[in-house]
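Okay, structure first, notes after.
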Amino acid sequence: MDYILQLASQNAVVIFSKSSCCMCHSIKRLFYEQGVSPMVYELDELVNGKEMERALVRLGCNPSVPAVFIGGKFVGLANNVLTLQVDGSLKKMLKDAGALWL
């Protein structure tokens, strides 16, 4: 779990994903379209991906992906991120974390 939190704190936006997950693709696309370049960890392509997935579940991620961290803090899964986008607060979070300049 500490390893996940360490990775999450190293970039303004971190997404734990799986390359075959359609919701993961949608969330990554949401950030890219806003001009944000998140650090993406594709768990199904990493040697320790299963271990990382179990750690995400222990952090409360169910399903485990897409798990989004902004400014080192766990924001939530796809539904949380989409809610933040709809209510307009995602952009402020991204600016505060230094992921978005304008």
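The table below gives the values:
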| read-out | value |
| --- | --- |
| Search result, residues across the range 1-19 that are over 26 Å from Lys91 (Cβ atoms) and either at pLDDT below 95 or in a helix (DSSP H, G or I) (or both) | Met1, Asp2, Tyr3, Gln6 |
| Hits in the range 24-54 - residues which are under 25 Å from Asp96 (Cβ atoms) and either without any contact (Cβ under 8 Å) to a residue 12 or more places away in the chain or open to solvent by 80 Å² or more (accessible area, probe 1.4 Å) (or both) | Arg29, Tyr32, Glu33, Ser37 |
| Search result, residues across the range 38-78 that are modelled with pLDDT under 95, over 18 Å from Gln10 (Cβ atoms), assigned to a loop (DSSP other than H, G, I, E, B) and not small (Gly, Ala, Ser) | Cys61, Asn62, Pro63 |
| Residues (touching a strand residue (DSSP E or B) at 6+ places or on another chain (Cβ under 7 Å) and touching a residue at least 12 places away in the same chain (Cβ under 8 Å)) located in the range 75-93 | Val75, Leu77, Val81, Met93 |
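The values are calculated or read from the model by the stated rules, or taken from the named source; none is laboratory data. Please read these numbers as outputs of a predicted model, since none were measured by experiment. With ideal geometry, Cβ positions are generated from the backbone for all residues, glycine too; neighbour counts draw on all protein chains shown. Just the protein is used for accessible areas: all its heavy atoms, side chains included, with ligands, DNA and RNA removed. Shrake-Rupley method; radii C 1.70, N 1.55, O 1.52, S 1.80 Å.
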